[in-house]
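Participant: One structure, as structure tokens, below. Some questions next.
The values are calculated or read from the model by the stated rules, or taken from the named source; none is laboratory data. Please read these numbers as outputs of a predicted model, since none were measured by experiment. Heads up, the Cβs are rebuilt from the backbone with ideal geometry, glycines too, and the neighbour counts pull from every protein chain shown. Ligands, DNA and RNA are stripped out before the accessible areas are found, and what is left, the full protein with its side chains, is counted by its heavy atoms. Shrake-Rupley method; radii C 1.70, N 1.55, O 1.52, S 1.80 Å.
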Amino acid sequence: MAAVRGPGESRDSAPTVELDMFDAVVMADERFHGEGYEEGYEEGSSLGILEGRQYGTVHGAKIGSEIGCYRGFALAWKCLLHGGAGDKDSRKMKVVEALITLLQHFPYDDPTYEKLHEDLDRIRGKFRQLCSLLNVQPDFKVSTGGSGLAF
């Protein structure tokens, strides 16, 4: 196949132009695939950030609501048990104080805290222990309409 040469082109440069045009056609699929990948990656990243923020907000609110109920429960029982002088009340008061201490040291403003879930489990365990000592059956529910702690 003879290539058409323009004025001033040598015989050696004509096949190079022909190969460049051929490469452009053949490599178009790879180029479009790469461009599509980049566009999709950028779009997915921005959507992932939004979705992650929404997920974090919802679950952070649930944990905050749960911790708030535990705190209110513990403070109410601290006031109720404060007047009691019996041995059983003394033990209950120690567990109430331990729960309040755990709640005060909970990292409310650090979502990257490595032991967040461990501390939350420890708080839940102490809450269950307190409920057992007080002989109450808590019914903590987190829903879209709000949260509640019922007995």
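Participant: Give me a count of the residues in the stretch 118-138 that are over 21 Å from residue 79 (Cα atoms) and at pLDDT below 90.
Facilitator: Of the residues in that region, 0 qualify.
Participant: Could you tell me whether the stretch 44-66 includes any residue that is closer than 30 Å to residue 127 by Cα, modelled with pLDDT of 85 or more, touching a Leu at 6+ places or on another chain (Cβ under 9 Å) and assigned to a helix (DSSP H, G or I)?
Facilitator: There is at least one residue in the stretch 44-66 that is closer than 30 Å to residue 127 by Cα, modelled with pLDDT of 85 or more, touching a Leu at 6+ places or on another chain (Cβ under 9 Å) and assigned to a helix (DSSP H, G or I).
Participant: If residue 78 satisfies every condition in (1) modelled with pLDDT of 90 or more; (2) not in a helix (DSSP H, G or I); (3) not acidic (Asp, Glu) but one, which is the exception?
Facilitator: Single failed check for residue 78: (2).
Participant: Could you say whether any residue in the stretch 104-111 is buried (at least 16 other Cβ atoms within 10 Å of the Cβ), closer than 17 Å to residue 135 by Cα and without any contact (Cβ under 8 Å) to a residue 40 or more places away in the chain?
Facilitator: No.
Residues are listed down the side, and each one gets a yes or a no for (1) farther than 18 Å from residue 138 by Cβ; (2) open to solvent by less than 100 Å² (accessible area, probe 1.4 Å); (3) touching a residue at least 12 places away in the same chain (Cβ under 8 Å):
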| position | (1), (2), (3) |
| --- | --- |
| 35 | yes, yes, no |
| 43 | yes, no, no |
| 95 | no, yes, yes |
| 115 | yes, no, no |
